[in-house]
Amino acid sequence: MKSTLFVLLAASAAWGQFVQPGHWTWNGTTLSPAVAGVPTGGGPTQAENVYCLPGEVSNFGAMVDGPATLPQACVDTAIADTPSSGTTLTATDPVSLTIALSTVACGQSIVIPATATISGANFTLAAKACDAAHWITIRTDQLTNPSFPAAGNVRATPCQINLLSVANYPNYACPSPGSRMPALIANSTNQPIFIAAAGANHYRLIGLNITKASGVFNTNSLVDLSNGADHIIFDRVLMHGVPLSCSRSGGPYTCNTADDLKVGINLNNATAIAVINSWMWDFYCTVNCTDSQAVVGGYGGSSEGPYKIYNNMLSAAAENFLQGGGGQYPNPTAMPADLEFRQNHLFKPVSFVLLTAGNGNHPIFKNNSELKNFNRALFEGNVFENSWTSSWQSDQIGYQLLITPKNQSSLSQGNATSDGSGTLTAVTGTFSSLVVDPACATPNHCNVKYNGGFYQAQTWIDSTHITVSPIPPASGAASFSAFRPGLCPTCSVHNVTARYNEFRNSTNGIQFGVAGSDGGDLSQGMDSISIHDNLFHGLNSNLSNAAGASNQSTCFFASNGQSNTTLRTFTFEHNTCAVAHAGPFSPSGLEATMDSTATTTDGSTGGYMSNAVIRNNIGPAGGQVLYKSGTIYPGGLQAGLKQQGCTPPVTGTTCSWIYTRNVLGVGQWTSQLNNTPFSCSNADLGSSCTQPPAPAGCSTAHATCFPSGGAFTSLFVSYNSPSGQPGYLGDYHLAANSPYAGAGTDGKDIGANIDQILALTAGVRSNTSYTPASITTTSLPNGTVGSAYLQPLAGSSASDFQIWHLTSGSLPAGISLSLGGTLSGTPTVSGTSSFTVQMMDGAQQYATQSLTLAVQ
């Protein structure tokens, strides 16, 4: 039985507005547990504690989703279950807040008037030996104000600090702006506002504006829980830096590097932590730090988790949410467990993607979420928005969610001389004795990069002398990077479920793979991953400040870079993929697979991707399978899948992969068919697989279908948006009377359950007010035959980032248009040429302009 989901667009000052065209219905029989908890008003469509009952009893329903085990522990965030019914203390300034934090008892509250501005640092959440019946609450005095967001599913926004909007960030309803949160401002370099003491537990922070002073950079965090905090809830808080400001005038960018802010909340070594109904933004690194995160953890030395990250707007330049990326070697690194990550809007402002590659300052941007060390995580009902390829960050190509276990590099750097007999002498920096540790990528011989060449450490003499092999030429002072063992030899990822999420406006979707660190250190890999019923749209290979003609745009990219057989047991099923643009000859489309370890096609060398299931999906055909030499496998894709999926020793065609009932559109971009032949599942056709024709439906013999051109895009209610953006903002339900309705191996429609996605993401995001794209160049200076011509085109848009194309007509002979929008070359023939140019900005807005260019 179907019910209608009515979205009240302005029901609350905090709720967002979901405007994507679609059917506002959901099928109650297929929702996750506790369907009765789904409200019919605006805001998130599942109750805050739908998966966690009083007493912190997990309520995730069936404990597995496909091959993945769901979280087994949870954080109960209901107000009624976190009581602070005792005496109330008041704090109005740094001194009184320090005293209150020192004297407050379990079960009491500290109330800070919304009018207060408290500047300082290192306010300590002390260990008080509290318990589930006696919490300490630190809160604003405005909880009873009808304009303050109510407890439950209502997200706090900057409306609560009297801001009608925040430039470059999502809109929010603000019918009653006001100052309803006290400001807690870090005013010292690298100092947090709150530090939890070892053993601090059962604190709930409500309605606080936690930020930093302008001109004070912070490479630590605003809140540091890494001493071992337990049961800390951040409820309806604002946490942020100051706006990024970068400018250029014909040269390199200059940014306000003094305002770098690395991290919002540091979760390392912390247990039972929740971040709910909050806004976190303006976390970025330009010079003083590298990667920035709103919430980070996963590389501490003691137990971490469970975590609940629910109904937040999270924004950071690098990873909005990150688990892993460091470690404690030679001490053990803990593996965090049990993540409930639901109905969050993960967002990057387009102002962060700058135009000029490598010049001047810039925010270092990467992806929206990443797991490098975790067990049992659920991503459900989130909206991942905006992620671009960065030419400044060569290891990131615009993915939204990364499931990539990593034994992160550790190294020392400096300058050293070479005596020409194998000894390096440090002039600046030092050499660690760990360069000859048994845990090196090559045991006892860590890698050393010196003067552009690669060597292996042989002996450690002292902190300024090592020997290496092979022998580098004699040299004066030159740069070195001496790798130590990876920081987390035990890092791995297990049991991840990503379901009913929306991915929009990015270069790529999900990156899924294992690879060695820069120093060659291997992780312990990953297994048991379930990725199903997700919508990917607006994936565009031109969303890159290093755009090239053959950039890729892939919804799901699986890669193996380790030879120790560590990527196994994953399912990619019932997903819908819409690609707006892909480069010719690129591994773009629904999915692609790459193994960079194998050297043969018979499975006798290299790593393996075993127990892989790719089934019941719909999207443009990708499926280019690569191996170490970087070319398509001899014998086509099936040979590649045999190599990837077979468990050694390989015997005949007995393999552990399944590839079936996928609807793959071909002819969607130039040279897409160069990626054929595509695969069939071994369960379908055994050892013989040829590309089938494109019938209206899938026959029994050919369970994967290949509709071409418009026959593919017409399978949807609308593949493009009402305003014409290709592969973006359409209605991705199957069209009426589709031959693929109910055609999945499980009797469900091919592709994602769009109704379920719309239901679970309703109210999660709101639109962002962007400067419309427009081309301001309306005429061009004349050219002269035989003389160099150089003329940049100009336009205004949401960001400096712009990509230009010629859409009709032709340029004068000898003239070309760069992707950056410059007409250049030497005209060879006189005459007048008419043509139309198109500009796309980082928000995937388009503008066109007709121009003429006369050559004399």
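What separates the Cα centres of region 709-772 and region 453-483 is a distance of 56 Å. Applying 0.36 nm per residue to the separation of SER479 and THR459 and subtracting their alpha-carbon distance, the gain on full extension is 5.3 nm.
The stretch between ILE99 and THR777 holds 237.8 nm of extra length on full extension. This uses 0.36 nm per residue minus the Cα-Cα distance. For LYS366, a cut-off of 20 angstrom between C-alpha atoms picks up these aspartates and glutamates, skipping any fewer than 8 places away in its own chain: ASP259, ASP260, ASP282, ASP291, GLU319, GLU385, ASP395, GLU502, ASP518, ASP800, ASP841.
Of the solvent-accessible surface of region 93-225, computed with a 1.4 Å probe over protein heavy atoms with every protein chain present, carbon and sulfur atoms account for 54 percent. Label region 66-194 by shape, choosing from rounded, prolate and oblate, from the square roots a ≥ b ≥ c of the eigenvalues of the Cα gyration tensor; if a/c is under 1.5 it is rounded, and otherwise prolate applies when a/b is larger than b/c, oblate when it is not. Rounded, since a/c falls under 1.5.
Label reach from THR92 (point 7 Å along Cα→C-beta): in region 174-211, amide nitrogens under 17 Å belong to 181-184.
Is region 236-336 best put as rounded, prolate or oblate by its Cα gyration tensor, with a ≥ b ≥ c the root eigenvalues, rounded for a/c under 1.5, and otherwise prolate when a/b is larger than b/c, oblate when not? Judged from the Cα gyration tensor, region 236-336 comes out oblate (a/c at least 1.5, b/c at or above a/b).
Each label point was placed 7 Å from the Cα along the Cα-to-Cβ direction; for SER469 and GLU56 their separation is 5.3 nm.
Grab the beta carbon distance between ALA213 and ALA150, set R0 = 25 Å, and tell me the FRET efficiency rounded to 0.05. E(calc), rounded to 0.05, equals 0.20. Indicate the gyration tensor shape class of region 314-449 (rounded, prolate or oblate), computed on the Cα atoms with a ≥ b ≥ c the square roots of the eigenvalues: a/c under 1.5 is rounded; otherwise a/b larger than b/c is prolate and the rest oblate. Since a/c reaches 1.5 but b/c is at least a/b, the shape of region 314-449 is classed as oblate.
Between SER714 and VAL829, the modelled label-to-label distance comes to 3.8 nm, taking each label 7 Å out from Cα in the direction of the beta carbon. Applying a threshold of 32 Å to the alpha-carbon distances of LYS212/LYS449; LYS348/LYS449; LYS128/LYS308 flags LYS212/LYS449; LYS348/LYS449 as lying beyond it. Per residue, region 105-165 exposes an accessible area of 38 Å² to a 1.4 Å probe, with every protein chain left in place. Using the beta-carbon distance between SER247 and ALA197 and R0 = 56 Å, what value does 1/(1 + (r/R0)^6) give for FRET efficiency, to the nearest 0.05? Efficiency at R0 = 56 Å is approximately 0.85. Here the dipole of region 201-294 is about 140 debye; that uses its Cα centre as origin and unit charges on the Cβ of Lys and Arg (positive) and Asp and Glu (negative). You can think of it this way: the chain between THR117 and THR425 has 105.6 nm of extra reach, that is 0.36 nm per residue less the Cα-Cα gap. Accessible surface computed residue by residue for region 265-352, with neighbouring protein chains in place and a 1.4 Å probe, gives 16 Å² per residue.
The values are calculated or read from the model by the stated rules, or taken from the named source; none is laboratory data. What you see is a predicted model; the values in this text were computed from it and never measured. Quick reminder, even Gly has a Cβ in these numbers, built from the backbone with ideal geometry, and neighbours come from all protein chains shown. In case anyone asks, the SASA skips ligands and DNA or RNA and just uses the protein heavy atoms, side chains included. Shrake-Rupley method; radii C 1.70, N 1.55, O 1.52, S 1.80 Å.
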